[in-house]
Amino acid sequence: MNPTAEPVTIALASIPNSGKTTLFNCLTGSSQSTGNWPGVSVEKKSGIFPLGEYIVTLIDLPGAYALSPVTEEERVVRDYILNSPPDIILNVLDAGNLQRGLGLTLQMAASALPMVVAVNMMDETRRRGITLDLKALAQHLGVPVIEISAKTGEGLPDLKEALYEVIKHPEKTRIPHISCPPLLEKAFFQITEAIGKSSIDTRLDHTFLAMRMLEAENQNQWTSNEKVAALTKKWQRHLKQSLHTSFPVVCAGCRFNAARGLAMEVLGEQPIIEDKLSRRLDHIFLHRFFGLPIFIMLMFLLFQGVYGLGAPLQEVLSVAFDRAGSWLSSQIMVLSLSAGLQSFLLDGIWQGIAVVTSFLPIIALFFFFMSLIEDSGYMARVAFLMDRLMHRLGLDGKAFISILLGYGCNVPAVMGTRILTSNYSRILTMLLIPFTLCTARLQIFVFLTAIFFTSTIAPWIILSLYGCSFVAVILTGFVLKLFRIGGAPEPFIMEIPPYRFPTLRSVGLRSWYEMKDFLFRAAPLIMAGVLLVWLLSHMPTNVPPASAATWAGQLGQILAPVFQPLGIGWQETVALIFGFIAKEIVVGSLAVIYGGTDLAGLMGSHITQMQSISFMIFCLLYTPCVATIAAIWSESRSLRITLISLVSGLTIAWLTSFIFYQSGLLFGFH
């Protein structure tokens with residue numbers, strides 16, 4: 001590096017729950033972008049910020065406990081360090097959990113890359129009466145160690161100054177020595193010597209590279225030198241025969257022994273002072289009998305906050321777009337267009353923009369309240385409470401929150417899967433959420449049950465549909481787990497952080513970022529889906545929109561033989577196609593298709609009770625709306641996972657409706 005305006009890359013690394021994301025938001029603000037790491041669905045987040053004459057790109061690496069990969073996130077961190085080493089590593093430690101975090105710190109320091117250590121949450125540590133000898137830590141690691149509080153901004157100027165000095169005068173990190181069994185030391189020495197004699201060009205320390213190669217099943221991904229690869233394989237076989245446990249486990253033991261000793265030196269003889277507030281609150285929130293009811297009550301309040309405040313805001317936006325649409329339709333410029341172009345502009349593009357915008361209040365409120373829960377420390381307690389139930393599906397307890405929120409709206413629930421710690425949990429949860437009975441589907445069911453059933457029976461039908469939804473989630477979860485659709489389940493390490501007061505800045509930044517992310521990643525797909533359905537329902541141009549003669553109507557009649565065994569006519573099939581835009585418009589599309597003012601009377605004379613229930617079951621389980629599909633694609637970045645969601649929904653919906661309807665006919669019901 002030289003003192004020019006060249007970009008500098010800093011990798012932000014820590015174990016989970018160390019305040020890494022809060023620090024990332026503090027340093028980069030809203031200058032963030034997201035994507036996915038190559039080949040996986042783990043989110044890649046980066047941001048930029050100026051530092052003197054430099055423009056720094058800050059890479060927010062996934063939370064990882066070690067570079068010896070067990071989870072997808074740890075594999076991402078290891079591959080990034082080995083394949084594209086950053087200019088500097090910014091390692092974040094939790095001041096109240098030094099021993100656990102120092103294991104990763106020692107591995108990062110062993111890479112020999114320039115490094116700065118930020119000891120976070122120092123304000124909480126001081127309140128508990130604990131003092132840390134950070135000079136001793138800096139001396140042992142040979143890197144700058146800065147005390148900060150990312151939540152309050154304390155120490156951030158000192159951190160930036162330390163980063164600037166390391167950029168200006170980069171020095172190779174002094175490699176901390178970790179005592180290992182003599183056999184391992186010998187293996188490291190020989191492989192390191194072979195790497196030194198080879199033509200391998202790397203900024204990484206050769207011993208660090210030797211350790212990573214010994215952990216890997218395929219050495220050729222890290223070196224093309226046959227001699228080095230052959231020597232590593234030879235040592236792998238020898239270590240496997242000589243050690244009574246695996247090589248990574250032995251290394252982890254050595255590393256954490258060193259971390260324990262270093263933590264004891266930094267803490268001195270101080271006893272660990274218990275966080276009395278957290279202990280008292282845990283007696284309430286984790287109570288054997290009252291913990292679950294309290295959680296349900298808090299989730300109810302969360303629902304009320306998200307949808308109680310979000311629905312009126314959605315209504316305001318809907319009215320605003322309707323009025324703006326009416327105003328646009330009366331403008332001379334629009335009136336001068338042909339009828340087809342007017343419809344494309346107002347019913348296609350404008351309707352698409354309205355659909356996208358309608359989700360913004362719910363998404364903003366959802367992530368606002370979720371940030372409060374997560375930053376306060378209660379999210380970890382939820383994972384603990386629900387872990388036993390969700391463990392049967394191979395999920396951690398936090399997945400229950402996303403699935404539960406799907407009963408409000410699938411879109412923010414799918415986006416909320418990013419709070420889950422493993423790739424397996426994220427994929428499996430986002431595939432289960434579309435089977436929840438969201439409020440949009442509920443509108444259809446309330447309307448149809450009012451037509452076909454008495455006021456005493458209708459509530460039981462809706463309750464049965466909720467039960468059907470719950471069973472579908474559980475059974476589908478077992479099937480997906482059996483076929484390992486989301487990959488192999490990953491070990492779940494549960495961290496229980498102390499309770500904290502969230503800051504408005506952190507919560508606000510998270511909400512803003514998620515809204516922006518939705519607009520840039522999901523909105524284009526929603527627009528495309530709306531325009532596709534408009535095209536099907538308005539072509540050819542010489543027939544009435546949404547009639548039997550349109551492409552949508554013709555498609556419904558083509559598909560009639562497929563839906564006939566379910567008791568679903570072509571008119572309802574067309575409504576299901578329109579429901580792909582949003583489930584709320586299914587009822588409106590039925591009114592257009594039947595072409596009369598008395599929709600209840602027309603449907604009542606055309607459809608039996610059995611057919612109506614079969615139609616509702618299909619509505620419950622079939623392909624979710626385009627916004628949910630867009631969210632699944634946005635979060636998974638996988639065409640395979642998106643197609644699985646589409647196909648599994650259609651298949652399960654068809655089979656369930658078929659079994660219900662044909663069984664009813666068999667038993668003499670009509």
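The values are calculated or read from the model by the stated rules, or taken from the named source; none is laboratory data. Bear in mind the structure is a predicted one, so any value in this text is a computation, not a measurement. Heads up, the Cβs are rebuilt from the backbone with ideal geometry, glycines too, and the neighbour counts pull from every protein chain shown. Areas reflect the complete protein model, heavy atoms only, side chains present, ligands, DNA and RNA absent. Shrake-Rupley method; radii C 1.70, N 1.55, O 1.52, S 1.80 Å.
Residues in the stretch 112-137 that are over 13 Å from Ala263 (Cα atoms), among the polar types (S, T, N, Q) and modelled with pLDDT under 90: Thr125 alone. Note on the stretch 465-491: residues that are at pLDDT below 85 and of a type in the set (Val, Ile, Thr) amount to 1. Residues that are open to solvent by 60 Å² or more (accessible area, probe 1.4 Å) and either touching a helix residue (DSSP H, G or I) at 6+ places or on another chain (Cβ under 7 Å) or modelled with pLDDT of 80 or more (or both) within the stretch 303-321 comprise Leu309, Pro312, Leu313, Glu315, Val316, listed in sequence order. Scanning the stretch 199-224 for residues that are of a type in the set (S, T, N, Q), under 39 Å from the mean Cα position of the chain (by Cα) and not in a helix (DSSP H, G or I) yields Thr202, Asn218, Thr223, Ser224. Screening Ile349 against (1) over 33 Å from the mean Cα position of the chain (by Cα); (2) open to solvent by 50 Å² or more (accessible area, probe 1.4 Å) leaves a single unmet condition, (1).
In summary, Ile585 fulfils each of the numbered conditions (1) of a type in the set (Val, Ile, Thr); (2) within 37 Å of the chain's Cα centre (by Cα); (3) modelled with pLDDT under 85; (4) open to solvent by less than 50 Å² (accessible area, probe 1.4 Å) with the single exception of condition (4). None of Thr131, Thr152, Thr125 is of a type in the set (Ser, Thr, Tyr) and without any contact (Cβ under 8 Å) to a residue 60 or more places away in the chain except Thr125. Could we say that Ile294 is of a type in the set (Val, Ile, Thr), at pLDDT 80 or above, farther than 30 Å from His177 by Cβ and open to solvent by less than 90 Å² (accessible area, probe 1.4 Å) here? Against the criterion (of a type in the set (Val, Ile, Thr), at pLDDT 80 or above, farther than 30 Å from His177 by Cβ and open to solvent by less than 90 Å² (accessible area, probe 1.4 Å)), Ile294 qualifies. Residues satisfying the criterion are absent from the stretch 309-316 (criterion: in contact with an Asp or Glu (Cβ under 9 Å, 6 or more places away or on another chain), of a type outside the set (Ser, Thr, Tyr), in a helix (DSSP H, G or I) and closer than 25 Å to Asp517 by Cα). When you look at Ala324, is it open to solvent by less than 40 Å² (accessible area, probe 1.4 Å), in a helix (DSSP H, G or I) and not charged (D, E, K, R), yes or no? So Ala324 fits the description; yes. Filter the stretch 129-167 down to residues that are part of a loop (DSSP other than H, G, I, E, B) and surrounded by 16 or more Cβ atoms within 10 Å (Cβ to Cβ), then give me how many there are. Qualifying residue count for the region: 8.
Within the stretch 1-44, the residues that satisfy the criterion of being modelled with pLDDT under 70 and either among the basic types (Lys, Arg) or surrounded by fewer than 16 Cβ atoms within 10 Å (Cβ to Cβ) (or both) are Met1, Asn2, Pro3, Thr4, Ala5, Ser30, Ser31, Ser33, Gly35, Pro38, Gly39. If you check Ser402, Ser425, Ser376 for being surrounded by fewer than 21 Cβ atoms within 10 Å (Cβ to Cβ) and modelled with pLDDT of 80 or more, only one passes: Ser376.
In this structure, does Val592 turn out to be of a type outside the set (S, T, N, Q), modelled with pLDDT of 85 or more and open to solvent by 10 Å² or more (accessible area, probe 1.4 Å)?
Values: of a type outside the set (S, T, N, Q): yes; modelled with pLDDT of 85 or more: no; open to solvent by 10 Å² or more (accessible area, probe 1.4 Å): yes.
No.
Of the residues in the stretch 226-236, none is outside any helix (DSSP H, G or I) and of a type in the set (A, V, I, L, M). Quick check: is even one residue across the stretch 164-172 of a type in the set (Asp, Glu) and modelled with pLDDT under 80? Scanning the stretch 164-172 turns up at least one residue that is of a type in the set (Asp, Glu) and modelled with pLDDT under 80. Number of residues in the stretch 396-434 that are in contact with a Cys (Cβ under 9 Å, 6 or more places away or on another chain), aromatic (Phe, Trp, Tyr) and part of a helix (DSSP H, G or I) equals 0.
Here His140 fulfils each of the conditions (1) modelled with pLDDT under 90; (2) more than 13 Å from Leu262 (Cβ to Cβ) apart from (2). Considering Leu385, Leu346, Leu372, Leu365, the condition of being over 28 Å from Arg640 (Cβ atoms), touching a Phe, Trp or Tyr at 6+ places or on another chain (Cβ under 7 Å) and in a helix (DSSP H, G or I) is satisfied by Leu385 alone. Of the residues in the stretch 174-189, at least one is outside any helix (DSSP H, G or I) and either of a type in the set (A, V, I, L, M) or under 21 Å from Asn83 (Cα atoms) (or both).
Pick out the one residue from Thr245, Thr232 that is surrounded by fewer than 16 Cβ atoms within 10 Å (Cβ to Cβ) and either within 36 Å of the chain's Cα centre (by Cα) or modelled with pLDDT of 85 or more (or both). Before you say what the answer is, go through the steps one by one.
On the way: Thr232 fails: surrounded by fewer than 16 Cβ atoms within 10 Å (Cβ to Cβ).
Residue meeting the stated conditions: Thr245.
Answer with yes or no whether Thr573 is of a type in the set (Ser, Thr, Tyr) and modelled with pLDDT of 80 or more. So Thr573 passes the test. Once the stretch 96-124 is narrowed to residues that are within 11 Å of Ile175 (Cα to Cα) and among the aliphatic types (A, V, I, L, M), the residue that is surrounded by the fewest Cβ atoms within 10 Å (Cβ to Cβ) is Ala112. Listed by first and then second residue, the pairs with beta-carbon distance under 9 Å, at least 6 apart or on different chains, first residue in the stretch 456-477 and closer than 15 Å to Leu404 by Cα, second of a type in the set (Phe, Trp, Tyr), are Tyr466/Tyr407; Ser469/Tyr407; Ser469/Phe435; Phe470/Phe435; Ala472/Phe435; Val473/Phe435.
Are any residues in the stretch 615-638 hydroxyl-bearing (Ser, Thr, Tyr) and either touching a Lys or Arg at 6+ places or on another chain (Cβ under 9 Å) or not in a helix (DSSP H, G or I) (or both), and if so, which ones? The answer is Tyr622, Thr623, Ser634, Ser636, Ser638.
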